[in-house]
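I have placed the structure first, in the form of structure tokens, so that the comments after it can refer back to it.
The values are calculated or read from the model by the stated rules, or taken from the named source; none is laboratory data. What you see is a predicted model, and the numbers here were worked out from it, not measured in a lab. Note that we place each Cβ from the backbone using ideal geometry, even for glycine, and neighbour counts take in every protein chain shown. For accessibility, only protein heavy atoms count, side chains too; no ligands or nucleic acids. Shrake-Rupley method; radii C 1.70, N 1.55, O 1.52, S 1.80 Å.
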Amino acid sequence: MTSPVAVVGFAQSPCRVREDVTTSGVEMLVPIFAEVFGATGLTRADIGFWCSGSSDYLAGRAFSFVQAIDAIGAVPPAMESHVEMDAAWALYEAWVKVLTGEAEIALAYGFGKSSGAHLRRVLALQLDPYLLAPLWPDSVSIAALQARLGLDAGRWTEKDMAAVAARSRAAARSNPQAQVSGDVAVSELLERPYVAEPLRAHDCAPVGDGAAVVIIASARRARDLCARPAWITGFGHRIDSGALGARDLLAVPSAAAARLACAAAAAGGAYGHGASGTGLASAAAAAGDGIDVAELHAPFSHQEILLREALGLGDGVDVNPSGGALCGNPMFAAGLARIGMAAQAVMSGRAGRALGHATSGPALQQNLVCVMEGQ
């Protein structure tokens, strides 16, 4: 059965600290819009729905996303929406629009100029405003607490974390958009100083500016726009508690549940409708089966280890062949880029089935999973 929606186009800007761009994102968006339109043969007039992901907190002003609409243009009039988080969630909204027939072609985009703010402090504002935020625990320190828990529990070692970073940097050599790349020995990484014990600089995603865009289309239009569309067979997102003390930071149930929702959708044939209890159990057991490539949004090295386990990804899965977020993590675009890179693996024929993942919130609080395949 052919999925009703497919990814047909993807582009992203290089992730860099850029002094030539503003917090509006326009300077980063215009070139990648032109790139994805050139690849698909579409124009702005063909887009039935636009949805963006960005943050007013990062930009430092209310309704900052409105300025980004300059990259779309005032003519022709557009149906447009926005989410105050990673644009992977904007893609989810766009997917729903196409599923319900409100649009045949939709475009999701995200952008962030992380270098324009003190990112670690900005991300503290997503915490509980009464008990946690007044203490200003920054994002890296919270991730360090999570990493320390895993070390003390014997779930991983600092060498395991460094191995994730080394592999990611080596993979990123083939990704021209990556901010960090190159060959480096695990032993060399382990000699470097801590930034927030037990995290070293290579364990943390770099601060950089960037943007990404994904175009999806209905089954009626997809094959006209792309020789090998990446058909979306499952799309789900789940949320864990925002209270850090109420969570087991060494488990990621929201990621596992989102992955299970995707497996159930594929098993049910129509996004889970009609799947029996037995079918759901079978889907859960086989959740990691058949995935060739997985692009995981893991901003810290130990979080890739957690996500691999939660998503049921075995050793045969090629994880983050782009280098992942450890080699380029533009805020509010990195999750969308993970889905885009996974889709690109399918569209290019390098993968029969691929998984894209995005996260938001402290210590992997919210997780979104999108599974795509060639049909």
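So which residues in the range 49-64 are within 25 Å of Trp95 (Cβ to Cβ) and in contact (Cβ under 8 Å) with a residue 40 or more places away in the chain, if there are any at all?
Keep residues of the range 49-64 that are within 25 Å of Trp95 (Cβ to Cβ), which gives 49-56, 58, 63-64.
Hits for the range 49-64 are Phe49, Trp50, Cys51, Ser52, Gly53, Ser54, Ser55, Leu58, Ser64.
Suppose we keep only residues that are assigned to a helix (DSSP H, G or I) and aliphatic (A, V, I, L, M) within the range 127-141. Which one would you say is most open to solvent (accessible area, probe 1.4 Å)?
Here is the first cut: in the range 127-141, the ones assigned to a helix (DSSP H, G or I) are 133-135, 139-141.
Filter once more, so that each one left must be aliphatic (A, V, I, L, M): 133, 135, 140.
Numbers: Ala133: 18, Leu135: 129, Val140: 16 Å².
Checked the range 127-141; the qualifying residue most open to solvent (accessible area, probe 1.4 Å) is Leu135.
For the range 115-126, how many residues meet the condition of being at pLDDT below 90 and open to solvent by less than 10 Å² (accessible area, probe 1.4 Å)?
Counting residues in the range 115-126 that are at pLDDT below 90 and open to solvent by less than 10 Å² (accessible area, probe 1.4 Å) gives 0.
Considering only residues that are in contact (Cβ under 8 Å) with a residue 12 or more places away in the chain and either aliphatic (A, V, I, L, M) or in contact with a Cys (Cβ under 8 Å, 6 or more places away or on another chain) (or both), look in the range 132-141 and name the one that is farthest from Arg200 (Cα to Cα). Walk me through it before giving the result.
First pass over the range 132-141, keeping only residues in contact (Cβ under 8 Å) with a residue 12 or more places away in the chain: 132, 136-141.
Checking which are either aliphatic (A, V, I, L, M) or in contact with a Cys (Cβ under 8 Å, 6 or more places away or on another chain) (or both) leaves us with 132, 140.
On the way: Leu132: 24, Val140: 10 Å.
For the range 132-141, the residue satisfying everything is Leu132.
Do the conditions hold for Leu336, that is, is it in contact with a helix residue (DSSP H, G or I) (Cβ under 7 Å, 6 or more places away or on another chain), farther than 17 Å from Ala255 by Cα and not in a loop (DSSP other than H, G, I, E, B)? Reasoning before the result, please.
Values: in contact with a helix residue (DSSP H, G or I) (Cβ under 7 Å, 6 or more places away or on another chain): yes; farther than 17 Å from Ala255 by Cα: no; not in a loop (DSSP other than H, G, I, E, B): yes.
The answer is no for Leu336.
I'd like to verify a number: residues in the range 313-323 that are out of contact with any strand residue (DSSP E or B) (no Cβ under 7 Å at 6 or more places or on another chain) and open to solvent by less than 10 Å² (accessible area, probe 1.4 Å), how many?
Initially, the range 313-323 is screened for residues out of contact with any strand residue (DSSP E or B) (no Cβ under 7 Å at 6 or more places or on another chain), giving 314-316, 323.
Among the residues that remain, those that are also open to solvent by less than 10 Å² (accessible area, probe 1.4 Å) are: 323.
Of the residues in that region, 1 qualify.
Name the pairs: first residue in the range 142-165 and closer than 12 Å to Pro198 by Cβ and open to solvent by 10 Å² or more (accessible area, probe 1.4 Å), second residue assigned to a loop (DSSP other than H, G, I, E, B) and hydrophobic (A, V, I, L, M, F, W, C), Cβ to Cβ under 9 Å, at least 6 apart or on different chains?
Qualifying pairs under 9 Å: Leu145/Leu249; Leu145/Ala363; Leu149/Leu249; Leu149/Leu250.
Can you name the number of the only condition in (1) open to solvent by 70 Å² or more (accessible area, probe 1.4 Å); (2) in a loop (DSSP other than H, G, I, E, B); (3) within 21 Å of Ala227 (Cα to Cα); (4) not small (Gly, Ala, Ser) that Val75 fails?
The number of the failed condition is (3).
Residues in the range 100-112: is at least one in contact (Cβ under 8 Å) with a residue 40 or more places away in the chain, part of a helix (DSSP H, G or I) and on the phi < 0 side of the Ramachandran plot?
No, the range 100-112 has no match at all.
Table: residues versus (1) over 18 Å from Ala337 (Cβ atoms); (2) of a type outside the set (A, V, I, L, M, F, W, C); (3) part of a strand (DSSP E or B); (4) in contact with a Lys or Arg (Cβ under 9 Å, 6 or more places away or on another chain).
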{"position": "Gly9", "(1), (2), (3), (4)": "no, yes, yes, no"}
{"position": "Pro14", "(1), (2), (3), (4)": "no, yes, no, no"}
{"position": "Thr23", "(1), (2), (3), (4)": "yes, yes, no, yes"}
{"position": "Met28", "(1), (2), (3), (4)": "no, no, no, yes"}
{"position": "Pro31", "(1), (2), (3), (4)": "no, yes, no, no"}
{"position": "Ala34", "(1), (2), (3), (4)": "no, no, no, no"}
{"position": "Ala39", "(1), (2), (3), (4)": "no, no, no, no"}
{"position": "Leu42", "(1), (2), (3), (4)": "yes, no, no, no"}
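Residues checked against (1) modelled with pLDDT of 95 or more; (2) open to solvent by less than 30 Å² (accessible area, probe 1.4 Å):
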residue	(1), (2)
Tyr271	no, no
Ala285	no, no
Gly288	no, yes
Asp292	yes, no
Ala298	yes, yes
Leu311	yes, yes
Asn329	yes, yes
Ala333	yes, yes
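Specify the residue that is most open to solvent (accessible area, probe 1.4 Å); the eligible residues are those in the range 166-187 that are in a helix (DSSP H, G or I) and farther than 16 Å from Ser301 by Cα. So that I can check it myself, show each step before the final result.
Of all residues in the range 166-187, those in a helix (DSSP H, G or I) come to 166-174, 186-187.
Narrowing further to those that are farther than 16 Å from Ser301 by Cα: 173-174.
Details: Arg173: 150, Ser174: 95 Å².
Per the criteria, the residue is Arg173.
Restricting attention to the range 217-266, report how many residues are acidic (Asp, Glu) and either free of Cβ contacts under 8 Å to residues at least 60 places away in the same chain or surrounded by fewer than 18 Cβ atoms within 10 Å (Cβ to Cβ) (or both). So that I can check it myself, show each step before the final result.
Step one: list which residues in the range 217-266 are acidic (Asp, Glu), which gives 224, 240, 248.
Those left that are additionally either free of Cβ contacts under 8 Å to residues at least 60 places away in the same chain or surrounded by fewer than 18 Cβ atoms within 10 Å (Cβ to Cβ) (or both): 224, 248.
Summing the residues that are acidic (Asp, Glu) and either free of Cβ contacts under 8 Å to residues at least 60 places away in the same chain or surrounded by fewer than 18 Cβ atoms within 10 Å (Cβ to Cβ) (or both) in the range 217-266 gives 2.
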